[in-house]
1. Tally up the residues in the stretch 145-175 that are more than 17 Å from Lys64 (Cβ to Cβ) and either modelled with pLDDT under 90 or in contact with a helix residue (DSSP H, G or I) (Cβ under 8 Å, 6 or more places away or on another chain) (or both), please.
2. Among (1) touching a His at 6+ places or on another chain (Cβ under 7 Å); (2) within 16 Å of the ligand (Cβ to nearest atom); (3) modelled with pLDDT under 95, which single condition is Gly94 missing?
3. Working only within the stretch 130-163, note down all residues that are within 12 Å of the ligand (Cβ to nearest atom), within 20 Å of Thr174 (Cβ to Cβ) and not in a strand (DSSP E or B).
4. In the stretch 164-186, which residue that is free of Cβ contacts under 8 Å to residues at least 12 places away in the same chain and of a type outside the set (D, E, K, R) is farthest from the ligand (Cβ to nearest atom)?
5. Quick one: which residue in His123, His67, His87, His72 is over 27 Å from Arg201 (Cβ atoms) and either crowded, with 23+ Cβ neighbours inside 10 Å or touching a residue at least 12 places away in the same chain (Cβ under 8 Å) (or both)?
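The values are calculated or read from the model by the stated rules, or taken from the named source; none is laboratory data. None of the values given here were measured: they were computed from a predicted structure. Positions of Cβ are generated from backbone atoms using ideal geometry, with glycine treated the same way; all protein chains shown enter the neighbour counts.
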Amino acid sequence: MDKAIGFSLPVMAAGLLAGCMPSPMQSTVGSIPTVQAPAQQPAFSPASPVVVQNLWKPDAPARKWRHIVLHHTASSAGSVESVHEAHIDRGWDGIGYHFLIGNGKGMGDGEIQSTFRWREQIHGAHAKSPNNEYNEYGIGICLVGNFEETDPSDAQLASVKRLVSVLKHEYQLTESQVIAHRDVKATACPGKKFPIGEISRSSVFAGQSGTYVTELPAAFQIVTVERSNLR
Ligand SMILES: [Zn+2]
């Protein structure tokens, strides 16, 4: 049993099901437009079963995903915006990952954000290999932090397990298809303290009704940075 999936409440999911999702607010960080869900959360009854909802399901047709590749930023702080800027400085067309999970410094602790790569279902720029298999068909998930030195926070672990379990379910991926960046190339990423086995085994589980249920993040943002023109 995966205890991290068992204890917190899917408050946002209850809000979605109840039709009381507040409308998004627009905000701007530097020149990058973002859309944030308000902090206020709807009431939730712990007894309510929640049918699996892939909150991250993009409008674009699904790419043929074959892998999920986990990373760390190797920094103590970070956000979608800061990583986006850093990757543009490398000459890329924006943040190379499909998802970023914050650690409370730059983004909320355990907060999951998707990027334009996910919304548009385009290739990543996070796991270079000779045939480019992992950038072409790998969903790149990065956690903010340096896990050579510190452990991911409990909130980050709970969030990455939720995200991985939903993605595995949605795209019929198995445990062996959830890998660490270091499995693709010579790198320490995502760090020796990153519990890749525990995360790759994450799964949604059948609820009383027989439908799949999962815990969903209490805080998340729909959103994020837009693709930049290459320069
Ligand atoms: Zn990496």
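1. The number of residues fulfilling the criteria is 14.
2. (2)
3. The one that is within 12 Å of the ligand (Cβ to nearest atom), within 20 Å of Thr174 (Cβ to Cβ) and not in a strand (DSSP E or B): Tyr134.
4. So the residue we want is Gln172.
5. His87
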